[in-house]
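> Pasting a structure here, questions to come.
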Amino acid sequence: MRDDLGIGVVGFGWMGQVHARSMSRLLQHFPDAPLRPRLVAVADVADDDRLERAADAYGFEHALGDWRELVARDDVDVVCVTGPNFIHRDVGVAAAQAGKHLWIEKPAGRDAAETAEVVAAVEAAGVQSAAGFNYRNAPAVQRARELVADGRLGTVTHVDVTFMSDYAAHPAGALSWRFQNEFAGSGVLGDLVSHAADLARHVAGDISELVVDDARFIPQRPAPASASASHFARGGDGPLLEVENEDYVAALLRFASGARGTLQSSRAAVGEQNTYGIDVHGTTGALSWDFRRMGELRVCLDQDYQDASYTTEFVTPRDGSMGAFQPGAGISMGFDDLKVIEAHALVRSIADGKPHGATVQDALVAARTVDAMLLSVSERRWVSL
Ligand SMILES: NC(=O)c1ccc[n+]([C@@H]2O[C@H](COP(=O)([O-])OP(=O)(O)OC[C@H]3O[C@@H](n4cnc5c(N)ncnc54)[C@H](O)[C@@H]3O)[C@@H](O)[C@H]2O)c1
């Protein structure tokens, strides 16, 4: 018999629902998982019926309006921090101080200082943590990391990371919390670049220096029609309000290994939907991964220096955690599956008392990278990490 693990979710929007589904599915994919997640409580302040849906469709035992009540419950062992960025520090610190393990979305605070407070609380309480860097968990990314680590590309020369989206491309898109620094901390930097920086580091090692340009292409947007509108919603008929943060960044990178790189990200790129990927070139080979074809890794290996071609590998059940989801190569996994893998890493961390997978410490590295990018933009210069 395994023990129950009480799950509390704070913020039941897109990510809160994905966290809840992932915990519900955990034992279906990982039957050997050491603990049995139980959806105990959810907290949200939305002005719609999402709390009723949380109880009805997901089976949460308690639906609350105040996250502090959730954190105070003895039957909650893990707090999923899935609200807007501005509540991450407060919820994360309070939950860790109450002895709860954390599954916190990126960015884990509005900036590195807030993220460091979450890290300090987790370390002081001796609880375990998982950070929402789900793209790491794609089996093809795991394979890419192994190929780089095994020297199959030779010495890495340059790394190019692209995170493009169109969620903010429509000028009538609602001015949700993501566009106001008080609530988000930064724009595409915290939202997409935190992922991109983590992916680059996970595959190719630490970034040591960077220089960045940014742009805000759509300076004003209509207020949301409802307070709980997501960033995919259109705005209401009211006056246009100021967008306070960047839509786009382009960075030159230097890695600690000596490799060079680029990182480009936009939330307002017409024609791009989750065009998230990484290209790594080395002295003897190369690889390329695109989230939209998650199960494929394009590789250029074991050929001559010139006139070498890419081939496409499909990940197999032996790559990463693919075998927990599909029995054979070429059968697709989905975005939510990456979150089940993240949930599994956290549950193993709790049972073993030591971390597996991305943690709040990794979120702090990403947050420091984002802060360095903001500094580079404001001072128009290279910044060391
Ligand atoms: N890992 C990923 O790929 C990924 C993808 C999307 C979002 N995120 C991150 O997840 C977080 C949430 O993003 P989202 O897209 O799910 O947002 P969302 O707007 O869809 O949901 C946020 C939810 O939090 C609720 N909320 C707001 N204030 C609250 C409060 N004080 N107490 C409780 N609930 C509150 C809102 O009502 C809403 O239901 C963000 O930090 C975002 O960066 C990560």
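The values are calculated or read from the model by the stated rules, or taken from the named source; none is laboratory data. What you are looking at is a predicted structure, and each value in this text was computed from that prediction instead of being measured. Heads up, the Cβs are rebuilt from the backbone with ideal geometry, glycines too, and the neighbour counts pull from every protein chain shown. The accessibility values were calculated without ligands, DNA or RNA, using every heavy atom of the protein model including side chains. Shrake-Rupley method; radii C 1.70, N 1.55, O 1.52, S 1.80 Å.
> Based on this model, can you work out whether Phe314 counts as touching a residue at least 12 places away in the same chain (Cβ under 8 Å), open to solvent by 20 Å² or more (accessible area, probe 1.4 Å) and within 29 Å of Leu210 (Cβ to Cβ)? Don't jump to the end; show me each part of the working.
Values: touching a residue at least 12 places away in the same chain (Cβ under 8 Å): yes; open to solvent by 20 Å² or more (accessible area, probe 1.4 Å): yes; within 29 Å of Leu210 (Cβ to Cβ): no.
Considered against the rule, which asks whether it is touching a residue at least 12 places away in the same chain (Cβ under 8 Å), open to solvent by 20 Å² or more (accessible area, probe 1.4 Å) and within 29 Å of Leu210 (Cβ to Cβ), Phe314 comes out as no.
Every residue, every condition in (1) under 30 Å from Gln326 (Cα atoms); (2) more than 25 Å from the chain's Cα centre (by Cα); (3) at pLDDT below 95, yes or no:
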site: Arg25; (1), (2), (3): yes, no, no
site: Ala33; (1), (2), (3): yes, no, no
site: Ala41; (1), (2), (3): no, no, no
site: Asp48; (1), (2), (3): no, yes, yes
site: Leu51; (1), (2), (3): no, no, no
site: Asp56; (1), (2), (3): yes, yes, no
site: Phe60; (1), (2), (3): yes, no, no
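> Exactly one condition in (1) open to solvent by 20 Å² or more (accessible area, probe 1.4 Å); (2) of a type outside the set (Asp, Glu); (3) over 21 Å from Pro139 (Cα atoms) is false for Ala329; which is it?
(3)
> Show me the strands (runs of 3 or more DSSP E) found entirely inside region 1-106 where at least 1 residues are touching a residue at least 24 places away in the same chain (Cβ under 8 Å), open to solvent by less than 30 Å² (accessible area, probe 1.4 Å) and more than 15 Å from the ligand (Cβ to nearest atom).
The qualifying strands (runs of 3 or more DSSP E) are 4-10, 36-43, 78-81.
> Residues of region 138-183 being open to solvent by less than 20 Å² (accessible area, probe 1.4 Å), closer than 25 Å to Val377 by Cα and in a loop (DSSP other than H, G, I, E, B), which ones?
Ser165, Ala168, Leu175, Ser176
> Which count do you get for residues in region 307-350 that are of a type in the set (Val, Ile, Thr) and more than 21 Å from the chain's Cα centre (by Cα)?
Going through region 307-350 one residue at a time, the tally reaches 5.
> Search region 265-275 for residues being in a loop (DSSP other than H, G, I, E, B) and not basic (Lys, Arg), and hand back the single one that is surrounded by the most Cβ atoms within 10 Å (Cβ to Cβ).
Among those residues, the one meeting the criterion is Ala268.
Rundown of residues vs (1) exposed (fewer than 14 other Cβ atoms within 10 Å of the Cβ); (2) assigned to a helix (DSSP H, G or I), yes/no style:
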residue: Val203; (1), (2): no, yes
residue: Leu210; (1), (2): no, no
residue: Phe217; (1), (2): no, no
residue: Ala229; (1), (2): no, no
residue: Gly235; (1), (2): no, no
residue: Glu244; (1), (2): no, no
residue: Ala251; (1), (2): no, no
residue: Gly258; (1), (2): yes, no
residue: Leu263; (1), (2): no, no
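> Does region 116-124 contain any residue that is within 18 Å of Asn181 (Cα to Cα) and acidic (Asp, Glu)? Reasoning before the result, please.
Residues of region 116-124 within 18 Å of Asn181 (Cα to Cα): none.
No: zero hits.
> Right, here's the next one. Going by the structure shown, is Ser186 within 16 Å of the ligand (Cβ to nearest atom), in a loop (DSSP other than H, G, I, E, B), hydroxyl-bearing (Ser, Thr, Tyr) and modelled with pLDDT of 95 or more?
yes
> Being of a type in the set (A, V, I, L, M) and within 17 Å of Glu246 (Cβ to Cβ) is the filter here, so list the residues in region 152-173 that pass it.
Selection gives Val161, Met164, Ala168, Ala169.
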